[in-house]
Amino acid sequence: MSAPRLIGAVALGGALVFAGISHLTFARQEFQAQVPPWFPADKDFVVLASGVVEVSLGAALIVLRRRRVAVGLLAAAFFIAIFPGNISQYATGTDGFGLDSDRSRLIRLFFQPVLVVWALWSTGAWRELQTALAEAKPRR
């Protein structure tokens, strides 16, 4: 793994661990603002569960070097899975994390795909996916 990718994976891992800890502790109420009102589960449970997932993914990105591709795929899937919460926050005009205007909530939506690409690129999962897709193509 190249140095930039390693740094990217460790930085993303650290960010996930921090976000997860904040879900579990000091920012619990703020994160509840991102749970869509239509989601069929207790908001506090969702925040706590996602915090545990974030801490786990972050630690895995830092520690499990041989499993980094799989962890990168899981992290990307997680970022996609929580995207409806960001959309809901924008659509309902719910304030949270300093996102107190439609403009700031809209800008936040564009950051989520960056996280997906970051997870795939920094772990080498992007390259693995491209290779797998190329090998799966029927030859003419």
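Bear in mind these aren't lab numbers, they're just calculated from the coordinates by the rules spelled out. Just so it is clear, the model here is predicted, and its values are computed rather than measured. With ideal geometry, Cβ positions are generated from the backbone for all residues, glycine too; neighbour counts draw on all protein chains shown.
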Handout entry: Linear extension gain, residue 91 paired with residue 63, 0.36 nm per residue minus alpha-carbon span
Key = 6.3 nm
Completion exercise
Longest principal axis of the chain (C-alpha) makes with the long axis of helix 3-24 (C-alpha) an angle, in degrees to the nearest 10, of 30
Problem - Shape box of the stretch 4-140 [Cα atoms, principal axes, largest first, Å] - result: 51, 36, 29
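Name the longest site-free stretch of the chain, where the excluded sites are chymotrypsin sites (Phe, Trp or Tyr not before Pro) in a DSSP loop with no more than 10 other beta-carbon atoms within 10 Å.
Longest run free of exposed loop sites: 39-140.
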Problem - Potential extension, residue 81-residue 38 segment - 0.36 nm per residue separation minus Cα distance - result: 14.0 nm
Exercise for the section: Within the stretch 1-38, which residues have the backbone N less than 11 Å from the label spot 7 Å out from residue 56 along Cα→beta-carbon, could you tell me? Expected result: none
Problem - Mean-position separation - Cα centroids, the stretch 102-140 and the stretch 1-49, in angstrom - result: 19
